[in-house]
Amino acid sequence: MQQGTPFQLQADAAISPDRYEPNDTVKSATVLHGNQHIMGSLDSAFDVDHYIVAVGSKQTSARIRFTASHDVMCEVLTPSGWRPLPSSGITEYPASEKTSLVLRVRSREGKMVTKTNYTVHTSDPAAHTVIARKWSDEDITHMAPFPSTEAVRLVPGGSNAAREINVTAAVYDSDGYMTAPEGEHVTLFAVDYDPETKQKVILAQADGYTDATGHFTAKLHIGDCRGPGIVGPVRMHRHSNRPEYWDIKYVPTAYVVAILDDKRSIARPSFFEHVCKETYRGFRP
């Protein structure tokens with residue numbers, strides 16, 4: 001009987017693996033969509049995680065941001081082999097519906113990593129923002145009329161705000177279907193604007209990061225009207241048996257807009273009525 005060749009077998013036990021396991025090979029890689037933010041973990045120095053980044057039908061590239069301790073690295077598979085991602089910031093790579101990105105997360109050579117967490121953030125460079133909601137809880141009449149092509153009749157009930165306005169922005173991929181992942185940086189601006197002179201004044205701004213639903217909400221302290229676009233006062237009232245009248249001075253073409261860090265992204269402004277002053281006139285028209 002011929003004796004076998006001695007060998008050494010090393011077993012690596014994973015304690016509380018993350019929900020993206022098993023993804024230790026390219027063949028078993030976890031699929032990430034073009035707008036996603038995940039937190040994964042390496043369970044030991046021998047654990048390796050693989051991801052495939054699948055993008056939308058209109059995408060031509062994908063942005064990747066990887067954060068982890070210095071002992072952990074992320075690599076992207078290129079035609080010339082595995083190439084490391086920068087340890088900070090956002091990196092953009094060519095990608096399409098037919099050509100996905102493949103990522104590999106592992107310990108650096110010589111580093112004996114115990115269980116450690118990391119994050120992978122993927123996003124669409126051609127994403128666009130939409131103002132999903134805007135409102136004010138202020139004690140005002142909310143009767144400043146919204147702009148109309150027919151000046152014969154002023155219609156009250158637009159999005160009125162006097163000194164502060166709450167804004168929720170949503171960020172979508174270039175297909176317009178999937179919201180951006182958690183952690184996408186958004187800056188909100190409120191602006192007084194005059195469409196005739198093209199003058200505008202930035203009233204307030206706020207920035208933050210999208211939540212798990214792809215939304216960011218902030219309160220903008222817009223303050224007093226600054227000059228451009230002011231009209232009125234206009235006499236307004238609600239329809240009733242004995243209507244009460246108000247004179248309202250306001251900017252009918254003020255707007256809020258959400259901007260992403262990438263200058264290629266599309267931002268759509270959303271108009272509101274910036275109330276400068278309301279004067280009660282009683283029951284006389």
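The values are calculated or read from the model by the stated rules, or taken from the named source; none is laboratory data. A quick note: this is a predicted structure, and the numbers were derived from the prediction, not measured. Cβ atoms come from the backbone with ideal geometry, glycine included; neighbour counts cover every protein chain shown.
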Original post:
Within the range 194-250, which strands (runs of 3 or more DSSP E) (wholly inside it) include 1 or more residues that are in contact (Cβ under 8 Å) with a residue 24 or more places away in the chain and more than 32 Å from the chain's Cα centre (by Cα)?
Top reply: 231-237
Original post:
Name the residues in the range 41-66 that are more than 15 Å from residue 98 (Cα to Cα), over 17 Å from the mean Cα position of the chain (by Cα) and crowded, with 20+ Cβ neighbours inside 10 Å, would you?
Top reply: 41, 42, 47, 49, 50, 51, 66
Original post:
Which of the residues that make up the range 67-90 are within 22 Å of residue 174 (Cα to Cα) and surrounded by 15 or more Cβ atoms within 10 Å (Cβ to Cβ)?
Top reply: 90
Original post:
residue 133 fails exactly one of the following numbered conditions: (1) basic (Lys, Arg); (2) surrounded by fewer than 16 Cβ atoms within 10 Å (Cβ to Cβ); (3) outside the structural domain of residue 231 (by TED's automatic domain parsing); (4) not in a loop (DSSP other than H, G, I, E, B). What is the number of that condition?
Top reply: (3)
**OP:** Residues being under 25 Å from residue 180 (Cα atoms) and modelled with pLDDT under 80: count how many of those fall in the range 37-56.
**Re:** 1
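So that you can scan it fast, the table gives a plain yes or no per residue for (1) of a type outside the set (D, E, K, R); (2) out of contact with any Leu (no Cβ under 9 Å at 6 or more places or on another chain):
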residue	(1), (2)
213	yes, yes
222	yes, no
233	yes, yes
238	no, yes
242	no, yes
245	yes, yes
278	no, yes
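Which one is farthest from residue 55 (Cα to Cα) among residues in the range 96-115 that are among the polar types (S, T, N, Q) and surrounded by fewer than 17 Cβ atoms within 10 Å (Cβ to Cβ)? Working first, answer last.
Quick first cut of the range 96-115, residues among the polar types (S, T, N, Q) only: 96, 99-100, 107, 114.
In the following step, the residues that additionally are surrounded by fewer than 17 Cβ atoms within 10 Å (Cβ to Cβ) were identified as 96, 99, 114.
On the way: 96: 6, 99: 9, 114: 32 Å.
Selected residue: 114.
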